[in-house]
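Following: one structure in structure tokens, then a few remarks.
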Amino acid sequence: MKNIMEIDGHKAVIAFDSDIGMFRGEFLGLSESADFYATGVEGLRREGRTSLKVYLQACEERGITPYKSFSGKF
């Protein structure tokens with residue numbers, strides 16, 4: 001089962017990984033992947049904030065757009 005969690009205004013899909021016994025989060029709408037893991041809700045929020053911060057800093061350093069661009073066409 002997958003759920004959506006909002007962390008600092010950014011949505012992330014959350015799923016439980018039974019192989020490792022942890023929840024995995026992955027942010028939506030980013031140009032590259034930024035994921036995070038934790039055993040509970042507070043850990044997900046904390047690790048999500050850290051993952052997002054590191055991702056945005058890396059994008060800035062590399063000069064890339066952190067978000068997907070949408071053309072509005074299907």
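The values are calculated or read from the model by the stated rules, or taken from the named source; none is laboratory data. Quantities reported herein were computed from a predicted structural model and do not represent experimental measurements. FYI the Cβ positions are ideal-geometry reconstructions off the backbone, even for glycines, and counts take in every protein chain you see. Calculation scope for accessible area: heavy atoms of the full protein, side chains included, ligands and nucleic acids excluded. Shrake-Rupley method; radii C 1.70, N 1.55, O 1.52, S 1.80 Å.
For the reader, a short list of remarks on this structure follows.
- Residue check, Arg24 charged (D, E, K, R) and outside any strand (DSSP E or B): no
- Sole exception among (1) in contact with a strand residue (DSSP E or B) (Cβ under 8 Å, 6 or more places away or on another chain); (2) crowded, with 17+ Cβ neighbours inside 10 Å for Val13, by number: (2)
- Residue tally, condition over 14 Å from Met5 (Cβ atoms), over 14 Å from the mean Cα position of the chain (by Cα), among the hydrophobic types (A, V, I, L, M, F, W, C) and open to solvent by 80 Å² or more (accessible area, probe 1.4 Å), over the stretch 16-74: 3
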